[in-house]
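S.K.: Following this message is one structure expressed as structure tokens.
The values are calculated or read from the model by the stated rules, or taken from the named source; none is laboratory data. On a predicted model such as this, the values are computed, not experimentally measured, just so you know. Positions of Cβ are backbone-derived with ideal geometry, glycine not excepted, and every protein chain shown enters the neighbour counts. For the accessible areas, the whole protein counts, side chains as well, though only heavy atoms, and no ligand, DNA or RNA atoms are used. Shrake-Rupley method; radii C 1.70, N 1.55, O 1.52, S 1.80 Å.
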Amino acid sequence: MVTKNILVINDCSKQCDDEHALQLISKAHDLSIQMACRVEVLCFGINECADEMNRLYEYGADSIYFYKNTSVGLTDYRHFAEVVSTHINKQMPELVLIPTSTMGKSLSSILSNRFGAGLTADCIDIQLSEKQELIFIRAAMSDTVLAKIVCINCELKLGTVKPNVFKSKKRTTARQEIYEKIDFETRINTPLYTVLSTRQYAQKCSVDFNRYSTIFCLGRGVKDQQNIDRFFALAEKMQVGIAVTRTLVEENLVDKEYQVGQSGKSISPKIYVSFGLSGASQHIVGIKNADVIVAVNHDKNAPIFDFSDIVVEEDLNLILAEMEARFIQ
Ligand SMILES: Cc1cc2nc3c(=O)[nH]c(=O)nc-3n(C[C@H](O)[C@H](O)[C@H](O)COP(=O)(O)OP(=O)(O)OC[C@H]3O[C@@H](n4cnc5c(N)ncnc54)[C@H](O)[C@@H]3O)c2cc1C
């Protein structure tokens, strides 16, 4: 039987070794060990950089296919779909992991239609069953349930994945590198659109959790705006990020950009410290990749303690005052 591989799509629109790409490659590497297959990474770009390619290998790539194009930019998804379709027809992978970039979303729907492939959008995990079937896990029915999805009657399975759902980590297995550079010239000559004019919009400030190795996460127990402001001031002083549960967003105390969990963002800091949050399952899915979880809660039965490495059974106001005394004065 021919072993089918896992293909990771990397549109290289920023750089080939960006964090999101490394996260997908790391997950593909873990699965490839269980599936006894290789991880192929398809890069589509103008210039390949040796250092960037090296990092892809370090995080789990076994084969890199660099489709080099000089004549078309990276803005037309049809070129990208053409490259990926050609590659799939040649290599026939079992699973294709696609980042949820604008390009990735267009690409996944085109591929699903073109190959009759099973597509699970916004996966929060991919596992292998005892029968070696791929199981895709995602939130469903307005985020009220976590669905486990098995693609039936299709050879090719596709999954799109948001940033920070998986954790990037360097491989510990030996590298067997294959590198292939393919010059790509598109057959599509008609432009998709004509730009009539451009207008600059003020960009909405986006919270970048990746900047921080430690994140404080605030829950309902923090209670009011004054306490929230104190945490933000402290975090700035300590160069720590702030995240919140959905409760504080629903109470209009903090912008949705800061929400972590099933209907918010996923984070993977080295240290995650929660203050006054219970640890609902919808919150936990967003923090499962944190290295160390610390929880401050005055209820010894708070569910968050079951997921924590360090438990602080205490009133958060005391801890906050102590940290302020130490770091602000
Ligand atoms: C479809 C759906 C999607 C959802 N998506 C998300 C999501 O993305 N992210 C998310 O976070 N939630 C989400 N939720 C909500 C989730 O179910 C919980 O309701 C929410 O996470 C609870 O927030 P909390 O822990 O801040 O509040 P609570 O559950 O009320 O917990 C407050 C905690 O604070 C402790 N506390 C209170 N005062 C103090 C004090 N002075 N000192 C120490 N501890 C104190 C209490 O003991 C308690 O454990 C979702 C829910 C649904 C139905």
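S.K.: Give me a count of the residues in region 210-265 that are polar (S, T, N, Q), within 11 Å of the ligand (Cβ to nearest atom), open to solvent by 20 Å² or more (accessible area, probe 1.4 Å) and part of a loop (DSSP other than H, G, I, E, B).
M.R.: Result for region 210-265: 2.
S.K.: Conditions first: (1) more than 16 Å from the ligand (Cβ to nearest atom); (2) surrounded by 10 or more Cβ atoms within 10 Å (Cβ to Cβ); (3) over 30 Å from Phe66 (Cα atoms); (4) over 27 Å from the mean Cα position of the chain (by Cα). Thr198 passes all but one, so which condition is the exception?
M.R.: Going through the list (1) more than 16 Å from the ligand (Cβ to nearest atom); (2) surrounded by 10 or more Cβ atoms within 10 Å (Cβ to Cβ); (3) over 30 Å from Phe66 (Cα atoms); (4) over 27 Å from the mean Cα position of the chain (by Cα), Thr198 breaks only (2).
S.K.: Could you please give the count of residues in region 266-290 that are near the ligand (Cβ under 9 Å from one of its atoms) and open to solvent by 70 Å² or more (accessible area, probe 1.4 Å)?
M.R.: Adding up the residues that qualify gives 2.
S.K.: Would you confirm whether or not region 164-182 contains a residue that is in the same structural domain as Val83 (by TED's automatic domain parsing), open to solvent by less than 100 Å² (accessible area, probe 1.4 Å) and within 16 Å of the ligand (Cβ to nearest atom)?
M.R.: Yes, region 164-182 contains at least one residue that is in the same structural domain as Val83 (by TED's automatic domain parsing), open to solvent by less than 100 Å² (accessible area, probe 1.4 Å) and within 16 Å of the ligand (Cβ to nearest atom).
S.K.: I would also like to ask the following. What are the residues in region 291-307 that are free of Cβ contacts under 8 Å to residues at least 24 places away in the same chain and crowded, with 16+ Cβ neighbours inside 10 Å, if any?
M.R.: Across region 291-307, the qualifying residues are Ile293, Val294, Ala295, Val296.
Results for (1) out of contact with any Lys or Arg (no Cβ under 9 Å at 6 or more places or on another chain); (2) under 23 Å from Ser13 (Cβ atoms), shown as yes or no for each residue.
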{"position": "Leu95", "(1), (2)": "no, yes"}
{"position": "Ser108", "(1), (2)": "yes, yes"}
{"position": "Val161", "(1), (2)": "no, yes"}
{"position": "Thr172", "(1), (2)": "yes, no"}
{"position": "Arg187", "(1), (2)": "yes, yes"}
{"position": "Pro191", "(1), (2)": "yes, yes"}
